[in-house]
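> This is the structure I want to talk about, given as C-alpha cells.
The values are calculated or read from the model by the stated rules, or taken from the named source; none is laboratory data. These numbers were taken from a predicted model, which means no experiment stands behind them. Neighbour counts are summed over all protein chains in view; Cβ atoms, including those assigned to glycine, are modelled from backbone coordinates with ideal geometry. We work out accessible area using only protein heavy atoms, side chains counted, and drop any ligands, DNA or RNA first. Shrake-Rupley method; radii C 1.70, N 1.55, O 1.52, S 1.80 Å.
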Amino acid sequence: MKILVTGAAGFIGSKVAQMLAERGDEVVGLDNVNDYYDVRLKTGRLRHLGMAVDDAAALPWGAMLTSLQWPNLQFVRMGIEDKEALDRLFSEFHFDKVVHLAAQAGVRYSITNPYAYLTSNITGFLNMLECCRHHPVVHLLYASSSSVYGMNTKAPFSEDDKVDAPVSLYAASKKSNELMAHSYSKLYGIPVTGLRFFTVYGPWGRPDMAPMLFADAITKGRPIQVFNHGDMIRDFTYIDDIANGTILCLDQPPVAEQCPNQVAARVYNIGCSHPVRLMDFIHEIEMAVGREAVMEMRPMQPGDVYMTNADTTKLETEIGYHPSVQLHEGISKFVAWYQSEENPLR
C-alpha cells in the first residue's frame with residue numbers, strides 16, 4: 001500500500017509513519033515543520049525516523065528525504081495549504097490511503113491565533129478532500145478531537161452525543177472537518193474515518209502539553225501550573241495505543257452499506273476509557289521523576305473543559321481496538337525517554 005501521512009513530524013504522525021514503514025508499506029510523510037513549538041523536537045522525530053536532517057525548519061520547501069532506516073519511508077516538507085503542490089504530490093505517488101493528521105493544534109493557542117486554524121484546519125482540510133476526490137483513494141482517515149464534545153456533561157462521551165457546543169475555535173474547526181468529510185463521502189464516494197483523539201502522552205510528546213510541561217518543571221524544580229485547582233479529569237492515552245488504533249482503523253475502510261444513510265463515513269472515539277484525576281497523573285510523574293512538584297493552583301483556562309472521558313465501545317467492537325498500556329507503565333516509559341539523550345529538549 002502507498003500511504004500518505006500528513007503531520008509526519010508531529011507526535012502522533014511520526015509514530016504512525018514509523019509503524020507503517022516497519023510493516024512494509026510505502027509511506028510518504030508530509031509536514032510543514034512550523035514553529036508552533038520547538039522545531040528541535042520535530043527535527044528529532046524525523047531523525048528518529050531515519051532522516052538525515054540537522055534542522056528540519058531549514059529544509060527547502062518541497063525537499064524530499066528518504067529514511068536511512070526504512071527505504072520505503074520518505075519525507076517531504078510541504079504545507080497542506082499549498083493546493084497546487086499537494087495536487088502534484090498526489091499525481092506523482094498515486095496514494096492508496098491517506099492518514100491526515102496535519103493541523104494547527106492547541107486549544108488555548110486558538111484563542112489568540114484564530115486565523116491559523118481557518119487556514120490549516122479548514123482550507124488545508126478542504127485541499128486534502130479535493131485531492132482525494134480527484135485522485136481517488138481507498139480510505140481517508142483524519143484527525144478529529146475529543147474537544148468537539150465541548151460543554152457536554154454526560155460521561156463517558158459517546159459518538160452519539162451532540163457536539164454542537166464547542167468552547168474553542170480549535171474544537172469548532174475539528175467538528176467542521178467531520179461535517180466536510182461526511183459531505184465529500186456522500187457526494188464523491190470517498191470512504192472517510194474521523195478519530196476523536198483523547199489526551200495522548202508518551203515519548204516524543206508535544207512540549208506544550210501537560211506531560212512534558214510537568215516533567216520538565218518537576219525535574220528542574222520549577223513550579224507547575226495546575227488549572228482548575230487540580231479538579232480536572234483526563235482520558236490519558238499512551239502513544240503506542242493511539243498509533244495502533246489508528247492503523248487498525250486505516251486497514252478497515254467504512255463500507256457505505258454498513259453505515260448510516262448509506263454514506264461511507266464514520267467517526268470513532270479513540271482513548272483509554274479509564275480517565276484519571278489530574279492530581280493522580282501529577283503524582284505518577286512525581287514518582288517517576290523522583291521529586292515532588294511545586295504547584296501553582298490556577299483557575300480554569302478559557303477553552304478548557306473539566307473532563308474528557310472516552311466511550312470506546314464502538315471502536316472496540318467494530319475495529320478490534322484494545323488499549324493495553326496502563327498509566328503507571330506509560331508514565332515510566334515517558335519519563336525514561338524524557339531523561340534520556342534522545343530528548344532534544346532535555
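> Any chance you could count how many residues in segment 108-157 are over 18 Å from the mean Cα position of the chain (by Cα) and among the basic types (Lys, Arg)?
So the count comes out to 2.
> Look at segment 262-274 and say how many of its residues are touching a residue at least 12 places away in the same chain (Cβ under 8 Å) and either farther than 21 Å from Ser145 by Cβ or part of a helix (DSSP H, G or I) (or both). Steps first, please.
Filtering segment 262-274 down to residues touching a residue at least 12 places away in the same chain (Cβ under 8 Å) leaves 263-274.
If we keep only those that are either farther than 21 Å from Ser145 by Cβ or part of a helix (DSSP H, G or I) (or both) too, we end up with 263-264.
Looking only at that region, the number is 2.
> So the check is Cβ under 8 Å with 6+ separation or different chains; which pairs have a first residue in segment 331-345 that's more than 15 Å from Met287 (Cα to Cα) and open to solvent by less than 40 Å² (accessible area, probe 1.4 Å) and a second one that's in a helix (DSSP H, G or I) and not hydrophobic (A, V, I, L, M, F, W, C)?
Filtered contacts from segment 331-345: Asn343/Gly44; Leu345/Arg40; Leu345/Asp216.
> Another question, if that's okay. Out of curiosity, is Met1 among the hydrophobic types (A, V, I, L, M, F, W, C), in contact (Cβ under 8 Å) with a residue 24 or more places away in the chain and closer than 28 Å to Met209 by Cβ? Explain how you work it out, then say what you get.
On the way: among the hydrophobic types (A, V, I, L, M, F, W, C): yes; in contact (Cβ under 8 Å) with a residue 24 or more places away in the chain: yes; closer than 28 Å to Met209 by Cβ: no.
No, not satisfied.
> I need the full set of residues from segment 134-184 which are among the hydroxyl-bearing types (Ser, Thr, Tyr), touching a helix residue (DSSP H, G or I) at 6+ places or on another chain (Cβ under 8 Å) and over 23 Å from Pro275 (Cα atoms), in order please.
Tyr142, Ser173, Ser176, Tyr184
> Right, another one. Has segment 295-309 got any residue that is charged (D, E, K, R) and surrounded by 14 or more Cβ atoms within 10 Å (Cβ to Cβ)? Explain how you work it out, then say what you get.
Initial filter on segment 295-309 (charged (D, E, K, R)): 296, 298, 304.
This time we only want the ones that are surrounded by 14 or more Cβ atoms within 10 Å (Cβ to Cβ), so: 304.
Within segment 295-309 (the criterion being charged (D, E, K, R) and surrounded by 14 or more Cβ atoms within 10 Å (Cβ to Cβ)), the answer is yes, since at least one residue qualifies.
> Restricting the search to segment 205-219, which residues are over 12 Å from the mean Cα position of the chain (by Cα) and touching a residue at least 40 places away in the same chain (Cβ under 8 Å)?
Pro207, Asp208, Ala210, Pro211, Met212, Phe214, Ala215, Asp216, Ala217, Ile218, Thr219
> Does at least one position in segment 157-177 carry a residue that is out of contact with any Gly (no Cβ under 8 Å at 6 or more places or on another chain) and assigned to a strand (DSSP E or B)?
Within segment 157-177, one or more residues are out of contact with any Gly (no Cβ under 8 Å at 6 or more places or on another chain) and assigned to a strand (DSSP E or B).
> Do you know which of the residues in segment 164-189 that are buried (at least 22 other Cβ atoms within 10 Å of the Cβ), in contact with a Phe, Trp or Tyr (Cβ under 7 Å, 6 or more places away or on another chain) and modelled with pLDDT of 90 or more is nearest to Glu130 (Cα to Cα)?
Top of the filtered list is Ala181.
> Can you tell me which of Val325, Val294 is aliphatic (A, V, I, L, M), in contact with a strand residue (DSSP E or B) (Cβ under 9 Å, 6 or more places away or on another chain), modelled with pLDDT of 90 or more and over 20 Å from Ser146 (Cα atoms)?
Val294
> Return the pair list, or none, for Cβ contacts closer than 6 Å from residues in segment 220-234 that are loosely packed, with under 13 Cβ neighbours inside 10 Å to residues that are of a type in the set (Val, Ile, Thr), at least 6 apart or on different chains.
What qualifies is Pro223/Val294.
> Sort out which residues of segment 196-219 are closer than 21 Å to Thr308 by Cα, open to solvent by 40 Å² or more (accessible area, probe 1.4 Å) and either part of a strand (DSSP E or B) or not basic (Lys, Arg) (or both), and write them in order of number.
So in segment 196-219, the residues closer than 21 Å to Thr308 by Cα come out as 196-202, 205-214.
Next, from what is left, pick out any that are open to solvent by 40 Å² or more (accessible area, probe 1.4 Å): 206, 208-209, 213.
Those that are closer than 21 Å to Thr308 by Cα, open to solvent by 40 Å² or more (accessible area, probe 1.4 Å) and either part of a strand (DSSP E or B) or not basic (Lys, Arg) (or both): Asp208, Met209, Leu213.
> Here is a list: Met64, Met78. Which entry is in contact (Cβ under 8 Å) with a residue 40 or more places away in the chain and within 13 Å of Ala8 (Cβ to Cβ)? Break it down into steps so the answer makes sense when it comes.
Details: Met64 fails: in contact (Cβ under 8 Å) with a residue 40 or more places away in the chain.
Only one candidate qualifies: Met78.
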